[in-house]
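The values are calculated or read from the model by the stated rules, or taken from the named source; none is laboratory data. Keep in mind the model is a prediction, meaning the values are calculated, not measured. Note that we place each Cβ from the backbone using ideal geometry, even for glycine, and neighbour counts take in every protein chain shown. Accessible surface areas use protein heavy atoms only, side chains included; no ligands, DNA or RNA. Shrake-Rupley method; radii C 1.70, N 1.55, O 1.52, S 1.80 Å.
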Amino acid sequence: LVVVLLLLLLLPPPTSSCSCNPAGDLLTRPSTGSAIAARLGHLAAALPCFNLVRYALLVGGAATHRLDLSNMVMLKDNHIWSAGSITKAVQHAKTAAGFTSKIEVEARTPEEAIEAASAGADIVMLDNMAPEVLKESAAALKAAFPHLTVEASGGITLETMPEYFSPNVDVISRGSLTQGYGCIDFSLKILQQQKP
């Protein structure tokens, strides 16, 4: 808390910008009125080494993704293509990262999702799938791999988010929490002491 207060005093413009932007998206949007079993998360694409954005999201109630590249291995299409398959990419990642790092695999089809979970991924991101396909894939994954974390991602907006709600989806990620967000209007003021 002391570090945060020091940052607020020493770096008011960038600190307030980082705090108001993600907070604006979380706080200025109307409630959908639906119960959410999944946690709302931001995508990893935020300013590198700029954890104030993630802190603002955490304070606003969102789940935070990895803080930097050392927190988790995320295998996307380029990694998979260069390794030759999802299975090989996960094997390489496990060798390079060791047993303490989680491995997340981006899957574009239900078949890729099953391969990722079978290869030992800790988290499978179901990316850019239609809501019904995603829900069916998430159910199949949870039935076969109950401890797997299932993340829904890709083009999900506040308006379409209810279509992705499922007891089998653990996290719903939205890029607008770290990019393309609205802002709340606030400023930091130091109160003057009243003279007796």
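Remarks
- Stretching THR160 away from GLN193 to a fully extended chain increases their span by 7.0 nm, per 0.36 nm per residue minus the current alpha-carbon distance.
- Close amide H pairs (under 5 Å, H built 1.01 Å from N) link SER166 with ALA37, ALA38, residues at least 5 positions away or on another chain.
- Size descriptor, Kirkwood hydrodynamic radius, that averages inverse alpha-carbon separations across segment 75-182, Å: 14.2 Å
- As a fraction of the 1.4 Å probe accessible area of segment 97-170, surface on carbon and sulfur atoms comes out at 56 percent.
- Förster radius 35 Å - calculated FRET efficiency between THR95 and ALA130, Cβ distance, rounded to 0.05: 0.50
- Placing unit charges on the Cβ atoms of the charged side chains and taking the dipole of segment 61-161 about its Cα centre, the candidate lying farthest along the positive direction among GLN91, ALA121, THR160 is GLN91.
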